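What follows is a set of notes on a single structure, which appears directly below.
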Amino acid sequence: MIMKIKNILTCLAAIGFTGMISSCSEEILDITPLTNNTANDFYKSEDQVNQGVLAIYNSWLPVPVSSNWYLSEVRSDNTHEIEGGAQRDYKEVGTFTASSQTAAFQTAWTQLYSVVYRSNVVLSKIEGFEFARVSQFKAEARFFRALAYFDLVRYWGDVPLVDKVLSIVEAKNALRAPSADIYKFIVDDLIFASENLPTTYAVTDKGRATKYAAKALLGRVYLTMAGYPLKQTDKLALAKKELADVMAVGTTLFPAPALYKDLFTIANKNKYHIFEVQYISGGKGLGSSLPSEMAFQFPSQWSSFTGGFEGEVEPALLASYARTDARKAATLDSGYVDTKTGATSGRVQFTKFLEKGDASVTSRSDYARNFPIIRYADVLLMYAEILNEEAATPPVQAVQLLNQVRTNAKVATITPATKDAMRLALENERRWEFAGEGLRWFDLVRTERAIPVMNEFIKSHDIPLANGVTKRDLLFPVPLGEMLINPGFWKQNEGY
């Protein structure tokens, strides 16, 4: 599919389609409707609608950096921003000193609403077509729209709910919908997606969203709704059902590799994960910058291009891995010796998405490893969490699922004796398993562990916060650029 996207982008650029997202300050969502002529001239056939759908996939390419890394992973206790370097957005995010003027917020907001916009364009233009893949294309658009809103609502709470292409006037007057309404919208989109997406694809379309990607994501959404801030505990049963459906085909469609590190290699793209963002190197404009954003510097034998993160993996995370844990070496490196220059470094860096020595990389934004949005291990651990919440003591199956993940990582099995011990075991396991993938912050927030964990973190690093981490910090401020489009129309998030 990634090669198809490359060809499609060339076509779309020729007619101005890839320029449909505007940064004009007058537009509340940074989205500009296609002119009627452009849209009407383009969506004339099944192939053109398919190109529009694949353009939605393309719009997600920068999101793992702007969202999963800078707003989630950096916000958590998995990274430590080293003092003394240049002031960066990620330092403000990671030390809880960010404001509505922090550029990283505007970047993520704009990119996520760009996904929403492209999805809405496809949904508006597909009406009236009767070819066989109409329902699939609608489902793919709604899957991505739900994925974008899931990030938006967790970062900002109440956000504009846009289910159609808006005029500039409509966009300027769009209200922030209550977060509960946003979640309902996400659920509706994912239910439709789960009912209309294929279970698998032909080789030429590998990498597209499937029924099980929608179900796994829906399970994660329900689990989030059961936690903070909605605390709709009735959603646990709904999450359990969706995750059980994925587990019923898990060993067939999502087998575990012999080695944990093989989950992420270029050779194993679309082999183990339930859904992943597709990247390709070679100067095609479809590469990933994530390895460079996550690291400070690479030795020449790893890559010809430098990193840019003035921080490191949190020392406590590094120390917490068991000696035999295969995830440690597959996720991070604790220093290097450059084989050409002899330069050394002891800084701990995330290298989970760096294919060391890949000669096809042409720039620091051209790496080829895919980024997983949801993995089968996540399904197992979420299901184990639900089982534990349903019982007074850890059920046998919950412990078995936890240990299935540990065994795959070459770590000894454990048997938590109490419900709280199991909660902590699952929290730790998720941290080790998904480090660098942008799940840690969201896990801490939904389980109401963010405030105590992060206050301990800032204390250990002497980060000067007068009031510590508080409820205010569980949401980000709405970007200033959005607030100024229609001054006084929106109320800023509490405390900002």
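How many residues, within region 434-480, are of a type in the set (Ser, Thr, Tyr) and not in a helix (DSSP H, G or I)? Let's see the steps before the verdict.
First, the residues of region 434-480 that are of a type in the set (Ser, Thr, Tyr): 447, 460, 470.
Pick out the ones that are also not in a helix (DSSP H, G or I) and you get 447, 470.
Adding up the residues that qualify gives 2.
Among the numbered conditions (1) over 19 Å from Ala359 (Cβ atoms); (2) at pLDDT 90 or above, the only one that Tyr336 does not meet is (1).
For region 53-73, how many residues meet the condition of being assigned to a helix (DSSP H, G or I) and under 11 Å from the mean Cα position of the chain (by Cα)? It would help to see each step written out before you state the result.
Filtering region 53-73 down to residues assigned to a helix (DSSP H, G or I) leaves 53-59, 63-73.
Those still in the list that are under 11 Å from the mean Cα position of the chain (by Cα) too: 63-73.
Result for region 53-73: 11.
Being part of a loop (DSSP other than H, G, I, E, B) and not hydrophobic (A, V, I, L, M, F, W, C) is the requirement here; does Ser99 meet it? In short, yes. Taking first residues from region 184-200 that are more than 13 Å from Ala141 (Cα to Cα) and partners that are of a type in the set (Val, Ile, Thr), the Cβ contacts under 8 Å between residues at least 6 apart in sequence or on separate chains come to Val187/Val221; Pro198/Thr210; Thr199/Thr210; Thr199/Val249; Thr200/Thr210.
Counting only helices (runs of 4 or more DSSP H) wholly contained in region 187-293, the ones carrying 2 or more residues that are of a type in the set (Ser, Thr, Tyr) occupy 211-226, 250-253. In the set (1) surrounded by 17 or more Cβ atoms within 10 Å (Cβ to Cβ); (2) aliphatic (A, V, I, L, M); (3) within 25 Å of Asp158 (Cα to Cα), the condition left unmet by Ala425 is number (3). Restricting attention to region 445-492, the residues that are at pLDDT below 95, hydroxyl-bearing (Ser, Thr, Tyr) and surrounded by 14 or more Cβ atoms within 10 Å (Cβ to Cβ) total 0.
Residues of region 153-169 being modelled with pLDDT of 95 or more and in a helix (DSSP H, G or I), which ones? Val153, Arg154, Tyr155, Trp156, listed by residue number. One residue stands out among those in region 170-186 that are assigned to a helix (DSSP H, G or I) and hydrophobic (A, V, I, L, M, F, W, C): the one that is modelled with the lowest pLDDT, which is Ala171. Only one of the numbered conditions (1) of a type in the set (Gly, Ala, Ser); (2) without any contact (Cβ under 8 Å) to a residue 60 or more places away in the chain; (3) not in a loop (DSSP other than H, G, I, E, B) is not met by Gly357, and that is (3).
The values are calculated or read from the model by the stated rules, or taken from the named source; none is laboratory data. Please read all numbers here as calculations on a predicted model, not as lab measurements. Cβ coordinates were reconstructed from backbone atoms using ideal geometry, including for glycine residues, and neighbour counts include every protein chain displayed.
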